[in-house]
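Structure first, commentary second.
The values are calculated or read from the model by the stated rules, or taken from the named source; none is laboratory data. Computed from a predicted structure; not experimentally measured. With ideal geometry, Cβ positions are generated from the backbone for all residues, glycine too; neighbour counts draw on all protein chains shown. Keep in mind that these areas ignore ligands, DNA and RNA; they rest on the heavy atoms of the full protein, side chains included. Shrake-Rupley method; radii C 1.70, N 1.55, O 1.52, S 1.80 Å.
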Amino acid sequence: MLVEKIRNDMKEAMKAKDELRRDTLRGALAAFTNELVAKGKKPTDEVTDADAVAVLKRLAKQRKDSAEQFTKGGRAELAEKEMNELKIIDAYLPEMASREEIEKVARAKVSEGVTDAGKLTGAVMKEFAGRADGSDVKAVVAEILA
């Protein structure tokens with residue numbers, strides 16, 4: 001399971017005295033526990049891989065947003081730290097679908113008769129089940145329907 005892999009990697013980071021990796025993974029494990037509690041489960045329950053991926057995506061998005069804000073604010077050192085944490089988190093996320101894959105699925109859905117932009121975007125997102133970035137899907141759909 002993904003959570004076990006992160007736990008073991010955190011232990012390795014502790015042994016290697018890799019503070020950035022250790023702290024990032026520790027934060028991810030804390031976020032998993034928070035997710036369990038938010039869903040009304042016990043903190044000792046196991047997190048499903050689907051929930052873990054959802055939490056990691058949220059953490060990755062937070063890192064991107066933070067890095068962007070730090071860059072705008074002239075805090076390059078903090079933006080760099082956020083980007084390094086993002087790289088660590090990205091290593092645990094499933095590989096995202098390419099624009100070509102998204103376009104292929106979107107064209108197939110159009111040939112099935114889905115021509116409304118919102119419905120097409122939803123159908124394509126459902127097809128990829130979290131492996132596609134929403135902004136990429138939206139851009140491809142707009143391109144196809146234009």
What are the residues in region 125-146 that are loosely packed, with under 14 Cβ neighbours inside 10 Å and among the charged types (D, E, K, R), if any? K126, E143
Working only within region 93-114, note down all residues that are part of a loop (DSSP other than H, G, I, E, B), among the hydrophobic types (A, V, I, L, M, F, W, C) and within 13 Å of A132 (Cβ to Cβ). L93, M96, A97
Filter region 82-100 down to the residues that are touching a residue at least 24 places away in the same chain (Cβ under 8 Å) and either farther than 30 Å from D18 by Cα or buried (at least 18 other Cβ atoms within 10 Å of the Cβ) (or both), then identify the one that is farthest from the chain's Cα centre (by Cα). R99
Contacts under 9 angstrom Cβ, first residue in region 102-124 being surrounded by fewer than 16 Cβ atoms within 10 Å (Cβ to Cβ), partner among the acidic types (D, E), 6 or more apart: A108/E127
Would you point out which residue out of L36, L56 is farther than 26 Å from A132 by Cβ, of a type in the set (A, V, I, L, M) and either open to solvent by less than 50 Å² (accessible area, probe 1.4 Å) or part of a loop (DSSP other than H, G, I, E, B) (or both)? L36
